[in-house]
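The values are calculated or read from the model by the stated rules, or taken from the named source; none is laboratory data. Remember, it's a predicted structure, so these values are computed and weren't measured experimentally. For neighbour counting, all protein chains shown are included, and Cβ atoms are generated from backbone atoms with ideal geometry for every residue, glycine included. Remember, those area values only see protein heavy atoms, side chains included, never the ligands or the DNA or RNA. Shrake-Rupley method; radii C 1.70, N 1.55, O 1.52, S 1.80 Å.
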2 protein chains.
Amino acid sequence: MEFELIDRIRERAASRRDVRLGIGDDAALLAVPAGQLLTVSTDTLNVGVHFHAETDPTALGHKALAVNLSDLAAMGAEPAWCTLALSLPGADPAWLDRFLDGFLGLAAQHRVALVGGDTTRGPLSIGVTVHGFVPAGQALRRDAARVGDDLWLTGSTGDAAAALAGAGQGEIAAALRERLERPTPRVEAGLALRRRAHAAIDVSDGLLADLGHILHDSGVGAEIELDALPVSEALAALSDGTARWEWQLAGGDDYELLFTAAASARASIAAALAATATPAVRIGRIVAGSGCRVLGADGEWTPSRRGYQHFT
Amino acid sequence: MEFELIDRIRERAASRRDVRLGIGDDAALLAVPAGQLLTVSTDTLNVGVHFHAETDPTALGHKALAVNLSDLAAMGAEPAWCTLALSLPGADPAWLDRFLDGFLGLAAQHRVALVGGDTTRGPLSIGVTVHGFVPAGQALRRDAARVGDDLWLTGSTGDAAAALAGAGQGEIAAALRERLERPTPRVEAGLALRRRAHAAIDVSDGLLADLGHILHDSGVGAEIELDALPVSEALAALSDGTARWEWQLAGGDDYELLFTAAASARASIAAALAATATPAVRIGRIVAGSGCRVLGADGEWTPSRRGYQHFT
């Protein structure tokens, strides 16, 4: 039965010219372009931890790849290939087909070829490893923020956390849930930021938590202006107070890019991101020191928690 | 807590010169040598399916990497990097340290750098993706067997299956269990077989089942001589009849290399494998047609099953 599942996946997987050997041998054979570094990231989604058992399989397929593409985006890398390790409680071809609708649909959007993987029996779990390229020296690293940089954010944060908390009703709840279940990896934005941004990270564990990695690794501090935080219509309709800020700053599951860049690059960045139809605003700045201060109209504001932590 | 686990892994992971950025950013940055194809394989081990919850964590760490290195070996690829996706029911630093003893110990033997991964909460599961290189045109594929080729096998098969069946007692049981729990990936043998062998596969689902992939993909048949099948001392001491042959031909979890090569390459292959201290013998031949006939002293022999199948 495993082979039938693998055949089903293989039949539907697209290829690319740089895939010399795809699904079906002991390993895939892939050609990395000369002068480019291979960029590799891996992320796993487990039932009961990252999603509920009744999650729509198409949304799950989309998200499993999206969270991985988001990591490549945060490096400024161009995605190329992925592998898929699926643990399934049983063989359910109908479920698999719907899962592949989401997974391979997003893969096609970004010309990503599925080149290998395995299917095993076990509690539902989806492990994805993505591979991409970035020219040597152009990767957007966490340790490259400089004092005086602007701090930028694509899109807006908080919707996924609000959805997870069950906030809102009707259209508002649906809009929030869409952000939770079908995040948009900012791949084109990441590419546009090569040679324009300094440091970057994708916001998966909460804006402040992820910013903390940039600050720690770069040896700098930051200030964020609460009034500058971008907010979706749905989230704005729901709350304009502390709950909203908590979700925006400490929520997680956003998959937006948080990045720093020189003030002199403002016009270039705005134009490059507009060309990819990616909304982005400056939300603060990099300063000397360590840690992040969040500045509101009434002075410094302290969230009750700093982001999602596993095992707590 | 997740970050403490990751720090623990990062502290212990070795690096290599071609790792431009390892664990700790959104993705790793890796340099693939010019003229070589990237070789990628992924395999997951789940508790209750591939191993018991009480399995020694050091053995488990060894095996999780070994089964992946075995896939690279079967391509004739040189291993370089891996990622590790660990799902853990809770944070247990002592368990993790012992797991890393096995995983990183084997990685060090083969100069493999752990360059990324993630830790998530969930039933114990270990997903590994390995990366290696092979010069274009030199990979050992499943579809390259030719009529008239010799059929070769490294080491011997059947011990792991006998161990899984609880066969033997005392020293014999211990020897069999060692093969099950600490398989030796035939990495050096795979490298030695470049430009010498035609087709290759690693024996993970049972010799006949895996041979079936070579035969199907190459459009050929095969004959195996029962008397030529290599057997370990432990397995020979246990049985000389049908049970032994079942384990040897349909057992699985062996991680030996099964490969085909021209008769004219016999001396070259014997010398090259001897130089890597890898035992290997000819067990049969590739013939026109399809499927495999197993030939014993009393004529054709038919095993009761053809190998391990998931979901059955």
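Here are the numbers for the structure shown:
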item: Residues of segment A:67-88 satisfying the condition of being open to solvent by 10 Å² or more (accessible area, probe 1.4 Å) and farther than 23 Å from A:Pro57 by Cβ; result: A:Glu78
item: Residues satisfying the stated conditions in segment A:203-244, i.e. assigned to a loop (DSSP other than H, G, I, E, B) and free of Cβ contacts under 8 Å to residues at least 60 places away in the same chain; result: A:Val203, A:Asp240, A:Gly241
item: Answer from B:Ala200, B:Ala262, B:Ala275 - the residue that is within 23 Å of the chain's Cα centre (by Cα), open to solvent by less than 40 Å² (accessible area, probe 1.4 Å) and in contact (Cβ under 8 Å) with a residue 12 or more places away in the chain; result: B:Ala200
item: Residue that is surrounded by the most Cβ atoms within 10 Å (Cβ to Cβ) [pool: residues in segment A:91-115 that are within 28 Å of B:Phe51 (Cβ to Cβ) and at pLDDT below 95]; result: A:Leu96
item: Residues that are part of a loop (DSSP other than H, G, I, E, B) and either free of Cβ contacts under 8 Å to residues at least 60 places away in the same chain or under 19 Å from A:Ala31 (Cβ atoms) (or both), drawn from segment B:123-142; result: B:Ala136, B:Gly137, B:Gln138, B:Ala139, B:Leu140
item: Out of B:Ala73, B:Ala34, sole residue that is in a loop (DSSP other than H, G, I, E, B) and within 12 Å of chain A (Cβ to nearest Cβ); result: B:Ala34
item: Criterion violated by A:Leu65 - all others in (1) away from chain B (no Cβ under 11 Å); (2) without any contact (Cβ under 8 Å) to a residue 12 or more places away in the chain satisfied; result: (2)
item: Subset of segment B:143-170 [in a helix (DSSP H, G or I), in contact with a helix residue (DSSP H, G or I) (Cβ under 8 Å, 6 or more places away or on another chain) and either open to solvent by 30 Å² or more (accessible area, probe 1.4 Å) or hydrophobic (A, V, I, L, M, F, W, C) (or both)]; result: B:Ala160, B:Ala161, B:Ala162, B:Ala163, B:Leu164
item: Pair list, Cβ under 6 Å, 6 or more apart: segment B:143-164 residue on the phi > 0 side of the Ramachandran plot and touching a residue at least 24 places away in the same chain (Cβ under 8 Å), other residue assigned to a loop (DSSP other than H, G, I, E, B) and surrounded by 21 or more Cβ atoms within 10 Å (Cβ to Cβ); result: B:Gly158/B:Gly251
item: Options A:Arg177, A:Arg195; residue that is assigned to a loop (DSSP other than H, G, I, E, B) and either within 13 Å of another protein chain (Cβ to nearest Cβ) or open to solvent by 10 Å² or more (accessible area, probe 1.4 Å) (or both); result: A:Arg195
item: Selected residue [more than 16 Å from the chain's Cα centre (by Cα), among the hydrophobic types (A, V, I, L, M, F, W, C) and farther than 21 Å from A:Leu38 by Cβ] from B:Leu114, B:Leu100; result: B:Leu100
item: Scope segment B:79-122; condition aromatic (Phe, Trp, Tyr) and outside any strand (DSSP E or B); matching residues; result: B:Trp95, B:Phe99, B:Phe103
item: Yes/no for A:Ser15 being buried (at least 17 other Cβ atoms within 10 Å of the Cβ) and either facing chain B (nearest Cβ under 8 Å) or assigned to a loop (DSSP other than H, G, I, E, B) (or both); result: no
item: Where A:Ala209 falls short, out of the listed (1) open to solvent by 10 Å² or more (accessible area, probe 1.4 Å); (2) of a type in the set (A, V, I, L, M); (3) closer than 30 Å to B:Ala28 by Cα; (4) touching a Ser or Thr at 6+ places or on another chain (Cβ under 6 Å); result: (4)
item: Boolean, B:Ile224 is modelled with pLDDT of 95 or more and under 17 Å from the mean Cα position of the chain (by Cα); result: no
item: Pairs where the first residue, in segment A:26-44, is free of Cβ contacts under 8 Å to residues at least 60 places away in the same chain and the second is assigned to a strand (DSSP E or B) and surrounded by 24 or more Cβ atoms within 10 Å (Cβ to Cβ), C-beta under 7 Å, 6+ apart; result: A:Asp26/B:Ser41; A:Asp26/B:Ile201; A:Asp26/B:Asp202; A:Leu29/B:Leu37; A:Leu29/B:Thr39; A:Ala31/B:Leu37
